[in-house]
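Chemist: Attaching a single structure in structure tokens format; questions to follow.
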Amino acid sequence: MKPSKSIKPISYVKTHASELIRDVSNNQKTLVITQHGEAKAILQDIKVYEQTQDSLALLKILAQSNKSLQEGKVKPFKRAVSDLRQRTDEFNAE
């Protein structure tokens, strides 16, 4: 994606909205919309947006896992499985 082709002023967006939406959707693009020469908004294909959100969620999980590891809040796999089985057994006994 070439930045120069992906930046449009708000006035252009107003007059070419349906064309831009079709292009963004068909080509899974992201478009930067400017107002008074400054970037103000993004027009993005929904699939690209969803992929971005999924990626961010995974990165957050990785960051939380790394933090837990650094803080020593981890346990060996076999112990974790054993603890889960015990909780399941206690839950089923109720």
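Chemist: Which of the residues spanning segment 66-94 are of a type in the set (Gly, Ala, Ser) and under 33 Å from the mean Cα position of the chain (by Cα)?
Modeler: Of everything in segment 66-94, those that are of a type in the set (Gly, Ala, Ser) and under 33 Å from the mean Cα position of the chain (by Cα) turn out to be Ser68, Gly72, Ala80.
Chemist: Identify all residues within segment 51-94 that are within 30 Å of Gln28 (Cβ to Cβ) and either touching a Leu at 6+ places or on another chain (Cβ under 8 Å) or charged (D, E, K, R) (or both); write none if there are none.
Modeler: Once the filter is applied, which keeps residues that are within 30 Å of Gln28 (Cβ to Cβ) and either touching a Leu at 6+ places or on another chain (Cβ under 8 Å) or charged (D, E, K, R) (or both), segment 51-94 yields Asp54, Lys60.
Chemist: Hey, can you tell me all the residues within segment 27-36 that are surrounded by fewer than 12 Cβ atoms within 10 Å (Cβ to Cβ) and modelled with pLDDT of 95 or more?
Modeler: Passing the criteria: only His36.
Chemist: Sticking with this structure for a sec: Just the residues that are in a helix (DSSP H, G or I), loosely packed, with under 11 Cβ neighbours inside 10 Å and of a type outside the set (A, V, I, L, M, F, W, C), please, taken from segment 65-94.
Modeler: Asn66, Lys67, Gln70, Lys78, Arg79, Arg85, Gln86, Arg87, Thr88, Asp89, Glu90, Asn92
Chemist: If you check Val24, Val74, Val81, which single one turns out to be hydrophobic (A, V, I, L, M, F, W, C) and assigned by TED's automatic domain parsing to the domain that holds Ile7?
Modeler: Of Val24, Val74, Val81, the one residue that is hydrophobic (A, V, I, L, M, F, W, C) and assigned by TED's automatic domain parsing to the domain that holds Ile7 is Val24.
The values are calculated or read from the model by the stated rules, or taken from the named source; none is laboratory data. As the structure is a computational prediction, the values presented were derived from the model and not from experiment. For neighbour counting, all protein chains shown are included, and Cβ atoms are generated from backbone atoms with ideal geometry for every residue, glycine included.
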